[in-house]
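The values are calculated or read from the model by the stated rules, or taken from the named source; none is laboratory data. Note that the coordinates shown come from a computational prediction; the quantities given were computed from them, not determined experimentally. Note that each Cβ is placed from the backbone with ideal geometry, even for glycine, and that neighbours are counted across all protein chains shown.
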Amino acid sequence: MPRARILVMLVAAVGLAVFGVSRFLAALDTPPAAGEVASVDGLTAAVTTASWTKMDHDMSSNAAPGFQMPPAMMPNMPQGDDQRLALSVTVTNTSGDTRPIRATEEFTLRAGKDGRQWTPTADTFGDLPRLAPRNAVTGVLFFDLPPAELAAGPAWVEWSHGDATTRLTIPLDGVNAGPGHSHTP
């Protein structure tokens, strides 16, 4: 009888240890939670606004609703059910040294339960390869995605700079539904 108790206690202890180790390893693999501001290598970034870009083309002089230009007429425009989301991002160099920054390569949009990823379609940062000490720049990153993807689950901006990756929250007040389109002739 004592051997049976020892065996049961040993099996329970091993089971508990395996569970604890697996939870610990899962926690190590989980990326950091998204925050309003993130800092990496002397740079600080924040997503300040988010809005859907209207793609309607108004050809009337009386401000009547327009129509969405077809992709063939407007190169690099969203295709299919995709809409263009504009995220205003401010990057500040808080260090005393010049820091490299490549916004379109470093920032990606992640959304949905599976964390699907989109890279910027366009941006207003231009060819800014570095940021001088104690300077800031604000630019807009444009992402083309179906509005349902943004509304389906959590959404965040992933910032990968050098060897570090962090997450930024997106101010989603009123951006869950895509902009309305008028397809009148």
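ASP127 satisfies every condition listed in (1) on the phi < 0 side of the Ramachandran plot; (2) modelled with pLDDT of 85 or more except (2).
Restricting attention to region 147-174 and to residues that are surrounded by 16 or more Cβ atoms within 10 Å (Cβ to Cβ) and more than 17 Å from ALA46 (Cβ to Cβ), the residue that is nearest to the chain's Cα centre (by Cα) turns out to be LEU150. Among the residues here, PRO31 does not qualify as surrounded by fewer than 13 Cβ atoms within 10 Å (Cβ to Cβ) and modelled with pLDDT of 65 or more. Does LEU172 satisfy the condition of being farther than 11 Å from LEU87 by Cα and either in a loop (DSSP other than H, G, I, E, B) or in contact with a strand residue (DSSP E or B) (Cβ under 9 Å, 6 or more places away or on another chain) (or both)? Answer is no for this residue. None of THR108, THR104 is surrounded by 14 or more Cβ atoms within 10 Å (Cβ to Cβ), in contact with a strand residue (DSSP E or B) (Cβ under 8 Å, 6 or more places away or on another chain) and assigned to a helix (DSSP H, G or I) except THR104.
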